Amino acid sequence: MAGIFVNLTEETLHSEHLCCAISDKKHQCGVDLKRAWLTDRISEGHVFRKLNEKGKVFIEYAPLETAWVPIVGKNYIYIYCLWVSGSFKNKGHGRELLQYCIEDAKGKNKSGICIISSKKKKPFISDKKFFQKFGFEPVDEKCLAYSAELKV
């Protein structure tokens with residue numbers, strides 16, 4: 001099932017639904033802080049792509065050089081989060097979001113994509129088994145970083 005996805009921009013960031021863990025009204029302060037953080041990050045190449053519906057279906061990634069993570073590298077994309085929840089699961093949205101990221105990275109002549117995962121599936125950490133289906137392999141066992149080289 002293909003969906004309609006949108007990328008948040010500096011112009012749409014404050015009017016679009018921010019579909020992440022802190023998006024409910026109870027955590028409005030956190031939502032406002034996330035929007036402010038994203039405002040600064042978008043100009044650095046940060047991408048927040050989401051399904052154009054209310055729900056948690058999105059991917060966030062950035063150039064590794066500007067990512068806020070303990071990974072050092074050059075010319076890679078770092079995936080902060082890929083999340084598909086609830087009734088949106090098992091409809092191909094995760095695959096579609098990751099494929100968009102891969103094509104975007106290729107278009108920007110990146111060497112690859114990396115993500116931090118865990119030995120076992122945990123909330124708020126992307127499942128390594130999903131990424132392994134797309135050719136991601138462990139590159140650092142201490143921080144559980146996974147990476148996929150891009151073949152253009």
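Every number here is computed from the coordinates shown, using simple stated rules; none is lab data. Since the structure is predicted, the reported quantities are computational estimates derived from the model, not experimental observations. Glycine also receives a Cβ, built like all others from the backbone with ideal geometry; neighbour counts cover every protein chain displayed.
Using 1/(1 + (r/R0)^6) with R0 = 25 angstrom and r between the beta carbons of K119 and K89, what's the FRET efficiency to the nearest 0.05? Before the final figure, lay out the partial values.
Values: r = 22 Å, r/R0 = 0.89.
FRET efficiency, K119 to K89: 0.65.
Which of the residue pairs K34/K56; K89/K120; K74/K120; K56/K119; K54/K120; K74/K122 have a Cα-Cα distance greater than 26 Å in the structure shown?
In this structure, K74/K120; K54/K120; K74/K122 exceed 26 Å between Cα atoms.
Treat each spin label as a single point 7 Å out from the Cα along the C-beta direction, and report the S111 to E53 distance in nm.
Those two pseudo-labels are separated by 3.9 nm.
I want the antiparallel fraction of DSSP beta bridges within segment 5-149, as a percent rounded to 5.
Values: 23 of 26 bridges.
Antiparallel bridges make up about 90 percent of those DSSP assigns within segment 5-149.
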